[in-house]
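Notes for the one structure printed next.
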Amino acid sequence: YITESGWNDHPHWTHAVRPAQRIEYTLEAIDYAKANWPYVETLGFWMFRTPAPTHSFLDYYTFVTPEFVEKPIYSAIRDFATKSDK
């Protein structure tokens, strides 16, 4: 298992990537793991959501808001997974 992978797209955090890069890197990571690590059963990304806003860089690791509003990263992975299943 690979746990707690992923990128942060906070607009003011030094170590963050742009939102479009986050999507690109995430989808590339899924493809890479699938092609090169057949023994990896799970590729987990940090983090689906927080129960409430943290008002910190942690909010920018999430895939949906605390109210379950989808972020672009969530939609991209959902669309990617839907296409990959066919």
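Which cross-chain or sequence-distant (5 or more) residues have an amide H under 5 Å from the amide H of H10, H modelled 1.01 Å from N in plane?
Answer set, sorted by chain and number: V17.
Starting at the first residue of the range 37-47, write each ³J(HN,Hα) from the Karplus equation 6.51 cos²θ - 1.76 cosθ + 1.60 with θ = phi - 60°, in whole Hz, x for Gly and Pro.
Karplus-based 3J(HN,Hα) across the range 37-47 equals 10, x, 7, 7, 7, 9, 10, x, 10, 8, 9 Hz.
Please determine, in degrees from 0 to 90 and to the nearest 10, the orientation of helix 72-84 with respect to the longest principal axis defined by the Cα atoms of the chain, where the helix direction is its Cα long axis.
10 degrees
Per residue, how much accessible surface does the chain expose to a 1.4 Å probe? Answer in Å², no decimals. Please report the intermediate quantities before stating the final value.
Details: 6070 Å² over 86 residues.
Each residue of the chain exposes 71 Å² on average to a 1.4 Å probe.
If amide hydrogens are placed 1.01 Å from N in the peptide plane, which non-local residues have theirs closer than 5 Å to the one on S5?
It is G44, F45, W46, by chain and number.
Pairs of Cα atoms under 8 Å, at least six residues apart: use those to get the relative contact order of the chain, whole percent. Spell out each step's value before the answer.
On the way: 102 pairs, mean separation 26.7, N = 86.
Taking the mean separation of contacting Cα pairs over the length of the chain, I get 31 percent.
Amide H neighbours of T62 under 5 Å, counting only residues 5+ apart in sequence or on other chains, H built in-plane at 1.01 Å?
When sequence neighbours closer than 5 places are left aside, the close amide H contacts are M47.
Between W37 and L58, 0.36 nm times their residue separation minus their Cα-Cα distance comes to what? The partial results should precede the final answer.
Numbers: separation 21, 0.36 × 21 = 7.56 nm, distance 2.82 nm.
Length difference between fully extended and current span is 4.7 nm.
The values are calculated or read from the model by the stated rules, or taken from the named source; none is laboratory data. All values derive from a computational prediction rather than experimental measurement. For the accessible areas, the whole protein counts, side chains as well, though only heavy atoms, and no ligand, DNA or RNA atoms are used. Shrake-Rupley method; radii C 1.70, N 1.55, O 1.52, S 1.80 Å.
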